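The values are calculated or read from the model by the stated rules, or taken from the named source; none is laboratory data. All figures in this text were calculated on a predicted structure; none of them were measured in a lab. Virtual Cβ from ideal backbone geometry, glycine too; neighbours counted across all protein chains shown.
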Amino acid sequence: MQWGGPGFVIAIIALSIGGWLFSTWIRARHGYPIENEWGGTVRKDDLAADRKVELLANENGALKDRIGRLEERIAVLERIATDAPARLSAEIDSLK
């Protein structure tokens, strides 16, 4: 094989295409997005992962609401603990 001959050029092209195919295969296998020939990306669709993300987002919202209610209750308890005892007993008596 000569360095400037057509066999060398074909070997370089074959190695380049082989490397591209191998790297694309590795990226696809591990879930990385793959670029297509028009510059866009193709992602691996995983319905189980999408469902899991949706469930976690819903649970996160519920936990945020619960934390908000607990913070309100703690504020009330702090107010009760720090208020003057005479004022607190007057409020309790007014509720009776």
Of Ser89, Ser94, Ser23, Ser16, which residue is at pLDDT 90 or above and of a type in the set (S, T, N, Q)? Ser16
In this structure, does Leu47 turn out to be loosely packed, with under 10 Cβ neighbours inside 10 Å, modelled with pLDDT under 80 and not charged (D, E, K, R)? yes
In the stretch 1-27, how many residues are surrounded by 10 or more Cβ atoms within 10 Å (Cβ to Cβ) and not in a helix (DSSP H, G or I)? 1
In the list Ala81, Ala90, which residue meets the criterion of being surrounded by 10 or more Cβ atoms within 10 Å (Cβ to Cβ), aliphatic (A, V, I, L, M) and part of a helix (DSSP H, G or I)? Ala90
